[in-house]
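What follows is a set of notes on a single structure, which appears directly below.
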Amino acid sequence: MIEVKNVSKSFHDGVKVLDNINTVFETGKTNLIIGQSGSGKTVLMKSTVGIHKVDEGHILYDGRDITKMNDNQIKMMHREIGMLFQGSALFDSMTVLENVMFPLDMFSDMDADAKRDRAIECLERVDLKRAIDLFPAEISGGMQKRAAIARAIVLNPKYLFCDEPNSGLDPKTSLMIDRLIQEITHEFNITTIINTHDMNSVMEIGENIVFIYKGQKGWQGNKDQVYDTGCQPLEDLIFASELYKKIKKAHFTLKD
Amino acid sequence: MNIIEHVGSFTKLMKLTLTIPDRWSMFGRQYVREIMKLGIDSIFIDIIISLFIGMAITIQMKLNMSNPILPGYLTGLAVRDTLLLEFSPTILCLILAGKVGSNIASEIGTMRITEQIDAIDIMGINSANYLILPKITAFISVIPSLVIISIFAGILGGLGVAEFTDTITVTEYTQGIQYSFVPFYVTYAIIKSMVFAFIISSVASYYGYTVKGGALEVGKNSTKAVVNSSIIILGSNFMLTKLLLT
Ligand SMILES: Nc1ncnc2c1ncn2[C@@H]1O[C@H](COP(=O)(O)OP(=O)(O)OP(=O)(O)O)[C@@H](O)[C@H]1O
Ligand SMILES: [Mg+2]
């Protein structure tokens, strides 16, 4: 469980990008941060993992406050975190297998064969075993995302952060990635935080949804409550989505 | 950013870089890779340009010293000392600043804009140390060999001129090459080149590591890396020469 308490953050220009955010990301669930472009989702995520220092407030990882840690303690904390970046961020100079083995090479004391086995196990989990000897440039965007997921989970992280895991993917592949992340979250009881503005993901895997609007928390709930929030900016966002248009169309077609 | 800010953030980056690696085996792997990429891959260009420069200097020196009062060995001596003191350590490093510097800056810069560096940091690894330290140490350790190879190739170039043209005789040339040799000049050349290797690799890493934006900025920053490390090399060449030779 990650608790975000009274977190505020501004950059050099002094505008509060995050304004007194309070929320809880629950263990074993897919926690979604949603909001319009520029609302502060990425800043919230980067502040939570400690890439940005917050101006005010506290962030507790199962009780451990990352805002009070020194650089070395944050470094140790990061070893419990897996992160999936918007552009996959695989290392170009390494094969898929080497990418997944990288965290093991860096931190684990297993012998070479055991590392390889563990990496292959993770690649099998994301259904990528046949691509292990290819380079990132040689595989598709969806495969890159899956390789990045394998790399993020290879050290059994307790916390998994995903910044827009669906960007640049077609709806079907997006759905597959969403489900994969959700399955892994349940399987290993990970605290997963996903940054998205994809309404399909919200409806599909929104077990705990935090809506950010202009740097403030606009609403929090789950996917079953999302249609009836009473929060105008969130409803605007939902109404603008393709999925909603489809539902509305289907609805009217039925009525006619 | 003004100069003082650059110096400040450069120093900060070097403080992160020059620390004990998280894992020596990973450092070793990267180090060997960089030796290959920065050193071995530079040998060819190193030999070619040194050969040609050696040939050209020999002809020019001979022309300048065509006065019959001057002893014939002077040409060989001048060629040797020019290579030893200036060409092989300094001019060669300027050329390598173009090749190696842009290579380092664009590689690290691309990793920055594609979030590969963030990915390393978030794993709890000191990315500056992991990426930059092997490059700096590898380049500093290969540069003496590159300089020595360059000196020999240059002298060989001159010998070729003596052998195949009638500019100068082989006897005169070889006599000059051996005449009043100062061993300290070799030490001087190696010290100088190692300083320049540090400048090239660290400045290029700095410009790569601090890229903000997209592919365009990576290109701009690698140009800046080459231009600025060249200026710093020439400035410190003057200072080192004053310091070590006078
Ligand atoms: N490093 C930074 N320095 C200054 N301002 C920043 C920085 N990072 C983000 N911001 C500002 O913070 C605001 C929120 O940005 P953020 O990247 O969090 O948006 P987002 O919700 O993730 O949007 P998107 O969906 O487009 O990714 C923006 O106005 C942005 O300009
Ligand atoms: Mg974002």
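The values are calculated or read from the model by the stated rules, or taken from the named source; none is laboratory data. Just so we're clear, the structure is a prediction, and the values are computed from it rather than from any experiment. All Cβ positions, glycine included, derive from the backbone under ideal geometry; neighbour counts span all protein chains shown. SASA here: full protein model, heavy atoms, side chains in, ligands and nucleic acids out. Shrake-Rupley method; radii C 1.70, N 1.55, O 1.52, S 1.80 Å.
Accessible surface computed residue by residue for region A:2-255, with neighbouring protein chains in place and a 1.4 Å probe, gives 46 Å² per residue. What region B:172-226 shows is 44 Å² of accessible area per residue, with the surface traced by a 1.4 Å probe over protein heavy atoms. Going from the chain on its own to the full set of protein chains, region B:96-118 has these residues losing 40 Å² or more of accessible surface (heavy atoms, 1.4 Å probe, no ligands, DNA or RNA): B:E115, B:Q116, B:D118.
Our summary gives chain B a relative contact order of 34 percent, counting only alpha carbon pairs under 8 angstrom and 6 or more residues apart. Sparse packing (at most 15 other Cβ atoms within 10 Å of the Cβ) combined with a DSSP loop state is found for the following trypsin sites (Lys or Arg not before Pro) in region B:174-246: B:K212.
With a 1.4 Å probe and every protein chain kept in, tell me what percent of the accessible surface of the protein assembly as shown is carbon plus sulfur. Percent of accessible area from carbon and sulfur atoms in the protein assembly as shown: 61.
Per-residue ellipticity at 222 nm from helix content only, as computed over chain B with -39500 (n - 2.57) for each DSSP H run of at least four residues, stands at -25000 deg cm²/dmol. Set the bar at 22 Å for Cα to Cα. Now go through B:K15/B:K99; A:K145/B:K12; A:K41/B:K15; A:K16/A:K145; A:K29/A:K145; A:K29/A:K158 and name every pair that lies beyond it. Table pairs above 22 Å Cα-Cα are B:K15/B:K99; A:K145/B:K12; A:K41/B:K15; A:K16/A:K145. Taking 0.36 nm per residue of separation and subtracting the Cα-Cα distance, full extension of the segment from A:K172 to A:D13 would add 53.2 nm. Of all aspartates and glutamates in the structure, the ones whose alpha carbon falls short of 15 Å from that of A:K217, not counting any fewer than 8 places away in one chain, are A:E3, A:D19, A:E235. Surface analysis of region B:12-157 yields an accessible area of 40 Å² per residue, using protein heavy atoms and a 1.4 Å probe. Site pair B:I3 and B:T165 shows an inter-label distance of 4.2 nm when each label is modelled 7 Å from Cα along Cα→Cβ.
Each part reduced to its alpha carbon centroid, region B:178-235 and region B:106-156 end up 12 Å apart.
Computed on protein heavy atoms with a 1.4 Å probe, the accessible areas place B:I45, B:I168 in the order B:I45, B:I168, largest first. Charge dipole of region B:27-245 (Cα centre as origin; +1 on each Lys and Arg Cβ, -1 on each Asp and Glu Cβ, all else neutral): 360 debye, rounded to the nearest 20. Legend: mean number of C-beta atoms from other chains within 10 angstrom of residue C-beta atoms, peptide A:102-112, equals 3. Residue ranking by accessible heavy-atom surface, 1.4 Å probe, largest first, among B:T171, A:T185 comes out as B:T171, A:T185. Remark: mean inter-chain Cβ contacts per residue of A:87-97 equal 3, using a 10 Å Cβ-Cβ cutoff to other protein chain atoms. Say a paramagnetic label sat at a point 7 Å from the Cα of B:F184, along Cα to Cβ; which residues of region B:204-246 have their backbone N under 16 Å from it? Counting only backbone N, you get B:240-246.
Computed from the Cβ-Cβ distance with R0 of 45 Å, the FRET efficiency linking B:F238 to A:T67 stands at 0.40. Using only side-chain charges placed at the Cβ, +1 for Lys and Arg and -1 for Asp and Glu, the dipole size of the protein assembly as shown relative to its Cα centre rounds to 640 debye.
Computed with a 1.4 Å probe over protein heavy atoms only, the accessible area of A:H58 comes to about 80 Å².
With each label modelled as a point 7 angstrom along the Cα→C-beta vector, the A:M1-B:K224 pair spans 4.7 nm. Chains B and A together bury roughly 2000 Å² of accessible surface, counting both sides and using a 1.4 Å probe on protein heavy atoms.
Residues of region A:62-85 whose accessible area (probe 1.4 Å, heavy atoms of protein chains only) drops by at least 10 Å² once all protein chains are present, relative to their chain alone: A:K75, A:H78, A:R79, A:I81, A:M83, A:F85.
Less than 5 angstrom separates the built amide H of A:N31 from those of A:T192, A:I193, A:I194, all sequence-distant by 5 or more or on a different chain. Each residue of region A:221-236 is assigned a 3J(HN,Hα), and the resulting list reads x, 10, 5, 6, 9, 5, 7, 10, 9, x, 10, 4, x, 5, 4, 4 Hz, derived from the Karplus form 6.51 cos²θ - 1.76 cosθ + 1.60 (θ = phi - 60°), x at Gly and Pro.
Per residue of B:121-131, other chain Cβ atoms within 10 Å of the residue Cβ number 5 on average.
Only aspartates and glutamates eight or more places from B:K242 in sequence, or on another chain, were considered; those with a Cα closer than 20 Å are B:D81, B:E86.
Distance between the pseudo-spin-label points of B:I45 and A:V24 (7 Å out from Cα toward the beta carbon): 6.0 nm. Among A:D55, A:D109, the order of accessible area from largest down is A:D109, A:D55, computed with a 1.4 Å probe on protein heavy atoms.
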